[in-house]
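The values are calculated or read from the model by the stated rules, or taken from the named source; none is laboratory data. What you are looking at is a predicted structure, and each value in this text was computed from that prediction instead of being measured. Positions of Cβ are backbone-derived with ideal geometry, glycine not excepted, and every protein chain shown enters the neighbour counts.
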Amino acid sequence: GAVVSQHPSRVICKSGTSVKIECRSLDFQATTMFWYRQFPKQSLMLMATSNEGSKATYEQGVEKDKFLINHASLTLSTLTVTSAHPEDSSFYICSARGGQTSSPLHFGNGTRLTVT
Amino acid sequence: DAKTTQPPSMDCAEGRAANLPCNHSTISGNEYVYWYRQIHSQGPQYIIHGLKNNETNEMASLIITEDRKSSTLILPHATLRDTAVYYCIVRVATGANSKLTFGKGITLSVRP
């Protein structure tokens, strides 16, 4: 149980275009999902907290107009990287929690974004 | 979230127990200890969590000291596939602060 599916696993796009990443909780309902970014040889950095039916909460230094988050249902959150630039190339990972708030977060397998 | 301190790396022999330490001396009474691991180019994998009692599941055991200022993750019979970065995280279970903040983790290398 507690499977989080992330799609696509890998994407290459040209500078200036937008890319959408989907995160789905497959066997549970997730009122809260989290989006992380990880650069090579670094740890995961939390970007934003996504709550179903409300606006996302962004961490300090993360541009909300660049990283658009939509959490329209209890099983789906999307992250759109708008007007992508090479410096946005990174590993993006989502996570979700079901059940009790003490329940562990479960993570997707990440999306490798390369902006050329 | 309270910060945790982990050694940067350790290794162990295949088949032996791997004991991964973690210090969390400023942990609050309502914060849980969570362990995750990340194998290269994959999302983190949940291993185990606990509040104050020792916990065991099919993957590992978690030993939390009585004062809760440190804990040890035990992989009883390490295999080569256990080579990964292991993260020890403390987290408030409820409210707006119930997010996971990752530190640098400990890189476990299991040698044949």
Item to check | Unmet requirement for B:TRP35, which otherwise passes all of (1) surrounded by 15 or more Cβ atoms within 10 Å (Cβ to Cβ); (2) in a loop (DSSP other than H, G, I, E, B); (3) within 13 Å of chain A (Cβ to nearest Cβ) | outcome: (2)
Checklist entry - Which residues, taken from the range A:45-103, are without any contact (Cβ under 8 Å) to a residue 40 or more places away in the chain and of a type in the set (Phe, Trp, Tyr)? => result A:TYR58, A:PHE67
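Conditions tested, residue by residue: (1) among the aliphatic types (A, V, I, L, M); (2) more than 9 Å from every other protein chain (Cβ to nearest Cβ); (3) part of a strand (DSSP E or B).
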position: B:MET10; (1), (2), (3): yes, yes, yes
position: B:ILE48; (1), (2), (3): yes, no, yes
position: B:THR72; (1), (2), (3): no, yes, yes
position: B:HIS77; (1), (2), (3): no, yes, no
Checklist entry - Residues of the range B:12-32 being within 11 Å of chain A (Cβ to nearest Cβ) and assigned to a loop (DSSP other than H, G, I, E, B), which ones? => result B:ASN30
Next on the checklist: Based on this model, can you work out whether B:GLU55 counts as under 23 Å from A:VAL4 (Cβ atoms), modelled with pLDDT of 95 or more and acidic (Asp, Glu)?
Outcome noted: yes
Checklist entry - Is it true that some residue in the range A:64-75 is facing chain B (nearest Cβ under 9 Å), surrounded by fewer than 15 Cβ atoms within 10 Å (Cβ to Cβ) and modelled with pLDDT of 90 or more? => result no
Item to check | Answer residue from the range A:36-63, given it is more than 9 Å from chain B (Cβ to nearest Cβ) and of a type in the set (Ser, Thr, Tyr) and is nearest to A:SER89 (Cα to Cα) among those | outcome: A:TYR58
